[in-house]
Amino acid sequence: MTAPQPTGRPNARLRQTLRDMALSMAVVLVVVFFIWLLAWRPTPDPIRLVDPAPVVAMAAATAEFPVQAPAGLASGWRPTSARWEPTVESGAVPVLHIGYVTPDDEYAQVTQSTVDDPAYLKEQTSGIPLGRTSSVDGFAWDRWEGDRRRSLVRIEGGVVTIVTGTADWPVLESLAGSLTPVPQAP
């Protein structure tokens with residue numbers, strides 16, 4: 001028995017099979033692309049805005065201290081959270097919390113309470129005191145700084161007010177300067 005000898009001619013059917021497979025794949029990819037194009041939806045903005053006014057009003061009505069809240073912030077400030085409830089380190093003492101996304105897409109928040117326990121301060125600031133102060137509207141604020149957060153802390157008349165976030169110092173000072181007393185409901 002002799003071994004088959006190549007003839008030197010290319011196999012026309014082999015080329016036809018590869019061409020058909022490539023054309024079939026192209027058709028399938030075009031169909032998949034159009035289905036994907038029709039089904040694609042842009043990702044919505046993950047920021048959910050809240051109205052902090054009801055929470056601030058409830059805090060002002062029930063707090064044992066004069067509540068202050070931001071007022072007159074520019075339109076780029078977006079409130080994203082508001083609570084009047086205890087935290088892990090505040091024990092049973094409620095804390096007013098109002099969180100914002102700043103115009104620069106950083107985070108900033110204001111908290112107020114009567115808790116001045118070091119564990120509570122560390123919970124709210126994630127940092128340590130820097131030994132420097134900022135003067136905002138005539139009030140002295142202690143500067144605290146952590147790995148990713150900066151905080152302004154003011155303790156006055158038994159009320160602890162903390163302005164903290166990932167924003168730069170001038171932005172936090174602007175938020176601190178916007179704090180105004182909230183009238184208590186009669």
Worksheet item: Conditions: (1) buried (at least 21 other Cβ atoms within 10 Å of the Cβ); (2) within 14 Å of Gly165 (Cα to Cα); (3) not β-branched (Val, Ile, Thr). Leu96 meets all but one. Number of the miss?
Response: (2)
Item to complete: Would you please name the residue that is nearest to Ala176 (Cα to Cα), looking only at residues in segment 55-71 that are more than 21 Å from the chain's Cα centre (by Cα) and surrounded by fewer than 16 Cβ atoms within 10 Å (Cβ to Cβ)?
Response: Pro66
Worksheet item: Residues in segment 73-81: is at least one open to solvent by 80 Å² or more (accessible area, probe 1.4 Å) and not hydroxyl-bearing (Ser, Thr, Tyr)?
Response: no
Fill in: Candidates Thr43, Thr114, filtered to the one that is of a type outside the set (A, V, I, L, M), on the phi < 0 side of the Ramachandran plot and open to solvent by 100 Å² or more (accessible area, probe 1.4 Å)
Thr43
Response to the item:
When segment 82-93 is checked residue by residue, the ones that are open to solvent by 60 Å² or more (accessible area, probe 1.4 Å), touching a helix residue (DSSP H, G or I) at 6+ places or on another chain (Cβ under 9 Å), of a type outside the set (Val, Ile, Thr) and farther than 23 Å from Pro183 by Cα are Glu89
Worksheet item: Could you list, in sequence order, the residues of segment 121-179 that are open to solvent by less than 60 Å² (accessible area, probe 1.4 Å), of a type in the set (Val, Ile, Thr), over 24 Å from Glu85 (Cβ atoms) and over 16 Å from the mean Cα position of the chain (by Cα)?
Response: Val136
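The values are calculated or read from the model by the stated rules, or taken from the named source; none is laboratory data. The shown structure was predicted, so the numbers you read here are calculated from the model rather than taken from an experiment. Heads up, the Cβs are rebuilt from the backbone with ideal geometry, glycines too, and the neighbour counts pull from every protein chain shown. In case anyone asks, the SASA skips ligands and DNA or RNA and just uses the protein heavy atoms, side chains included. Shrake-Rupley method; radii C 1.70, N 1.55, O 1.52, S 1.80 Å.
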